[in-house]
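The values are calculated or read from the model by the stated rules, or taken from the named source; none is laboratory data. Please read these numbers as outputs of a predicted model, since none were measured by experiment. Note: ideal-geometry Cβ built from the backbone for every residue, glycine included; neighbour counts use all protein chains shown.
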């Protein structure tokens, strides 16, 4: 029968305390770095030495110095800790890469507003991929209702169209109405929306 890869009595706290004491050269500094009490760190080191049946530190001086056995164990402990840390980071990176925020935007908004917003969003703590869907307001609102967009930036539609949606007014934009010189509305001023509707 194959033996266990690691003595189950050796816990991660033993390895963490060992590595921190090695880095700091003492229990006091290591306990502060780990946020543990000095007795807890000392106990973990003593337990680890008992489990390994060897002395890991030379305690004759003011600083704790690794013995030859401690140096051998330390090399492997550092490699194992680095591998665990890399594994956790890989999982977090994979989660980030799978997180997609789907944003709807009018063509004008896509050019002027979205790039700056995405840059600010990407520099924040919630790093993720951003997918931009561009199109007219009716198209974007339809995708929003269908759950194909997380949110949309566009023009405020009529109350019946916006019913059931949560929205917030972000800014106002000025619109310019341009016609040819011979157009019936060319010499009429001011113009209202009702004047433009027939055209």
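Consider region 23-41 and keep the residues that are in contact with a helix residue (DSSP H, G or I) (Cβ under 6 Å, 6 or more places away or on another chain), in contact (Cβ under 8 Å) with a residue 12 or more places away in the chain and buried (at least 17 other Cβ atoms within 10 Å of the Cβ). The one that is nearest to residue 84 (Cα to Cα) is 34. Filtering region 132-140 for residues that are over 30 Å from residue 57 (Cα atoms), touching a helix residue (DSSP H, G or I) at 6+ places or on another chain (Cβ under 8 Å) and at pLDDT below 75 leaves an empty set. Annotation: residue 50 fulfils all but one of (1) at pLDDT 95 or above; (2) closer than 30 Å to residue 132 by Cα; the unmet one is (2).
Report whether or not residue 189 is touching a helix residue (DSSP H, G or I) at 6+ places or on another chain (Cβ under 8 Å), modelled with pLDDT under 80 and either in a loop (DSSP other than H, G, I, E, B) or not assigned by TED's automatic domain parsing to the domain that holds residue 104 (or both). When the stated conditions are applied, residue 189 does not pass them.
This table checks each residue for (1) farther than 17 Å from residue 99 by Cα; (2) surrounded by 13 or more Cβ atoms within 10 Å (Cβ to Cβ); (3) touching a residue at least 12 places away in the same chain (Cβ under 8 Å).
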| position | (1), (2), (3) |
| --- | --- |
| 132 | no, yes, yes |
| 137 | yes, yes, yes |
| 142 | yes, yes, no |
| 147 | no, no, no |
| 150 | no, yes, yes |
| 153 | yes, yes, yes |
| 175 | yes, no, no |
| 182 | yes, no, no |
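May I ask you to list the residues in region 148-186 that are outside any loop (DSSP other than H, G, I, E, B) and touching a strand residue (DSSP E or B) at 6+ places or on another chain (Cβ under 8 Å)? Listed by number, the residues that qualify are 151, 152, 153. Scan region 57-66 for residues that are over 13 Å from residue 30 (Cβ atoms) and either modelled with pLDDT of 95 or more or not in a loop (DSSP other than H, G, I, E, B) (or both) and the total you get is 3.
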